[in-house]
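The values are calculated or read from the model by the stated rules, or taken from the named source; none is laboratory data. In this text the structure is predicted, and so the values were computed from the model without any measurement. Don't worry about glycine lacking a Cβ; one is built from the backbone with ideal geometry, like all the others, and counts go over all protein chains shown. Note: accessible area is taken over every heavy atom of the protein model, side chains too, but ligands, DNA and RNA are not part of it. Shrake-Rupley method; radii C 1.70, N 1.55, O 1.52, S 1.80 Å.
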There are 2 protein chains.
Amino acid sequence: MSDLAAALDVVGSRWALLIVERLLEGPQRYGDLQRDLGVPTNMLATRLRELEAAGVLRRLPLHHNTRAYALTDRGLALRGAIEELARWARG
Amino acid sequence: MSDLAAALDVVGSRWALLIVERLLEGPQRYGDLQRDLGVPTNMLATRLRELEAAGVLRRLPLHHNTRAYALTDRGLALRGAIEELARWARG
DNA sequence: ACAAGGCACTTGCATTTTGCAAGTGTCTTG
DNA sequence: CAAGACACTTGCAAAATGCAAGTGCCTTGT
């Protein structure tokens with residue numbers, strides 16, 4: 001399995017990179033991600049679980065039943081790849 | 001729609017970036033892509049059609065019923081993004 | 001105290017995408 | 001002129017994605 005295939009195993013599913021891109025701007029709450037990205041709620045829940053399991057992001061408890069999602073160092077390291085893809089789309 | 005979302009619309013489907021990565025090594029024939037990537041034949045046919053329509057690659061007729069697939073300039077421009085993703089997987 | 005609403009999800013089901021296996025048509029080679 | 005390579009297509013099953021409604025917890029207003 002190539003390195004690229006390994007990367008796509010983690011961030012290749014629909015919405016994954018868009019979620020990470022949004023989190024590059026700072027920690028966000030579930031409802032914010034949902035509204036800003038227009039991602040179906042069940043998909044968002046699934047992706048956040050997968051990305052957390054993959055070490056890309058982590059939950060930050062805020063209070064009572066609210067929390068924020070923030071990128072780990074591993075997640076932040078995706079910035080280069082995301083910027084290259086966005087640049088390609090503009091190019 | 002963000003730039004990233006636009007990029008993923010073109011190369012975000014399964015196998016798309018893996019096909020492009022393989023073509024970065026030079027033009028390849030259908031059977032080679034199929035064997036090297038292990039991609040199902042109907043998916044390969046579909047992706048090649050989409051990527052050609054998107055201007056990422058083009059068909060090069062070789063002779064009789066054989067042809068090769070080669071990246072266009074637009075396809076070659078994906079090199080940076082692919083390398084960043086592969087680097088991320090290694091990192 | 002109690003109703004109403006925000007928040008972070010889950011659940012059930014329809015639709016779309018992906019995958020497997022087998023088949024098709026054309027051309028070349030023995 | 002049979003056999004095989006090549007580049008696909010087709011039919012159907014499985015998995016991923018999407019839509020809409022519902023759940024449980026906590027806060028805020030009255």
Fill in: Mean-position separation - Cα centroids, segment A:30-69 and segment B:30-91, in angstrom
33
Practice prompt. Determine the residues within segment B:43-91 where the difference in accessible area between the chain on its own and the full set of protein chains amounts to at least 40 Å²; count protein heavy atoms only and use a 1.4 Å probe.
Written response: B:R74, B:A81, B:E84, B:L85, B:W88, B:A89
Worksheet item: What number comes out for the charge environment of B:R22, summing +1 per Lys or Arg and -1 per Asp or Glu over other residues with Cβ under 10 Å away?
Response: -4
Fill in: Sparse-neighbour loop sites [trypsin sites (Lys or Arg not before Pro); chain A; at most 16 other C-beta within 10 Å; DSSP]
A:R14
Response to the item:
With x for Gly and Pro, the residue-by-residue ³J(HN,Hα) of segment A:78-87, computed from phi through the Karplus equation 6.51 cos²θ - 1.76 cosθ + 1.60 at θ = phi - 60° and given in whole Hz, is 7, 3, x, 4, 5, 5, 5, 5, 5, 4
Fill in: Inter-copy separations for A:R14, label at 7 Å along Cα-Cβ, nm, ascending
1.2
Discussion item. Rounded to the nearest 100 Å², what is the buried accessible area between A and B, both sides summed, probe 1.4 Å?
Written reply: 2400
Worksheet item: Of all the accessible heavy-atom surface of chain A, with the other protein chains kept in place and a 1.4 Å probe, what percent is carbon and sulfur?
Response: 49
Fill in: For segment A:47-56, 3J(HN,Hα) per residue [Karplus equation, 6.51 cos²θ - 1.76 cosθ + 1.60, θ = phi - 60°, Hz, x = Gly/Pro]
5, 4, 4, 5, 5, 5, 4, 7, x, 7
Worksheet item: Which distances, shortest first and in nm, link A:E52 to the matching position in the other copies, using label points set 7 Å out along Cα to C-beta?
Response: 4.5
Worksheet item: For the rotation that brings chain B onto chain A, whose beta-carbon in chain B is nearest the axis, and what is that distance in whole angstrom?
Response: B:E84, 2
Worksheet item: Each residue of segment A:60-75 in turn: what ³J(HN,Hα) in whole Hz from Karplus with 6.51, -1.76, 1.60 and θ = phi - 60°, glycine and Pro shown as x?
Response: 10, x, 9, 6, 5, 9, 10, 8, 10, 10, 10, 6, 7, 4, 4, x
Discussion item. Run the Debye formula on the Cα coordinates of chain B, all scatterers equal and no solvent, and tell me log10 I(q)/I(0) at q = 0.13, 0.25 1/Å.
Written reply: -0.42, -1.44
Worksheet item: In Å², what does the accessible area per residue of the protein assembly as shown work out to with a 1.4 Å probe?
Response: 53
